[in-house]
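Student: Handing you this structure, nothing more for now.
The values are calculated or read from the model by the stated rules, or taken from the named source; none is laboratory data. Nothing here was measured: the structure is a model prediction, and the numbers come from that model. Cβ placement follows ideal geometry from the backbone for every residue including glycine, while neighbour counts extend to all protein chains displayed.
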Amino acid sequence: MEKLNPYLTFPGNCEEAFNFYRSVFGGEFLSVGRFSDMQSDEGVIVPEYKMNKITHIALPIGEQTILMGSDSDDDWSPALVAGNNITLSITAKTKEDADRFFETLSGEGKIILQIGDVFWGSYYGMCTDKYGVNWAVSYEKKETDT
């Protein structure tokens, strides 16, 4: 089965953002690569100020998704343009998890739609976190939920 994993690019604060996401979702990083690791590649010269920045980081979320990211590097990639053209949608296993995810993600960010019961029968909310990443948090209610 195919998997689609989101990849986020940050303007130099990727590690901070991913430590925040780890505090929200738990788990351990599968990998953390830094620009300093590229020094061994022939011909690659990394400026001192970029050495500790992230070239690749991976955090498993749930059983099938891996949230990945890096810091932008204008030397090797297009200039970073933050926008609202993507929203990460996470479906929690429990209503309590949904509330915790939403509260933590929106904490220093912006609430777009307060989490709660919505007309299509889900428990759902939308926010933008403190790093400018848009999130949709949902919980699919079960018949046993009140």
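Student: Applying the selection to region 127-146, what residues are touching a helix residue (DSSP H, G or I) at 6+ places or on another chain (Cβ under 9 Å) and modelled with pLDDT of 90 or more?
Tutor: Hits for region 127-146 are 127, 128, 129, 130, 131, 133, 135, 137, 138, 139.
Student: A further question follows. Which residues, counting only those in region 107-137, are assigned to a loop (DSSP other than H, G, I, E, B) and of a type outside the set (A, V, I, L, M, F, W, C)?
Tutor: Within region 107-137, 107, 108, 109, 121, 122, 129, 130, 131, 132 meet the criteria.
Student: Out of the residues in region 1-15 that are free of Cβ contacts under 8 Å to residues at least 60 places away in the same chain and within 14 Å of the chain's Cα centre (by Cα), which is surrounded by the fewest Cβ atoms within 10 Å (Cβ to Cβ)?
Tutor: In this case the residue turns out to be 4.
Student: Under the condition of being among the aromatic types (Phe, Trp, Tyr) and at pLDDT below 90, which residue from region 26-55 is farthest from residue 89 (Cα to Cα)?
Tutor: 49
Here's the yes/no breakdown for (1) in contact with a His (Cβ under 9 Å, 6 or more places away or on another chain); (2) under 15 Å from residue 133 (Cα atoms); (3) assigned to a loop (DSSP other than H, G, I, E, B):
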residue: 38; (1), (2), (3): no, no, no
residue: 55; (1), (2), (3): no, no, no
residue: 80; (1), (2), (3): no, yes, yes
residue: 105; (1), (2), (3): no, yes, no
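Student: Turning to a different aspect of this structure: Working carefully through the options 98, 58, 82, 92, find the one that is under 16 Å from the mean Cα position of the chain (by Cα) and at pLDDT below 90.
Tutor: Going through 98, 58, 82, 92 in turn, just one is under 16 Å from the mean Cα position of the chain (by Cα) and at pLDDT below 90: 82.
Yes/no per residue for (1) of a type in the set (S, T, N, Q); (2) surrounded by 20 or more Cβ atoms within 10 Å (Cβ to Cβ); (3) in contact (Cβ under 8 Å) with a residue 24 or more places away in the chain:
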residue	(1), (2), (3)
110	no, no, no
113	no, no, no
137	no, yes, yes
144	yes, no, no
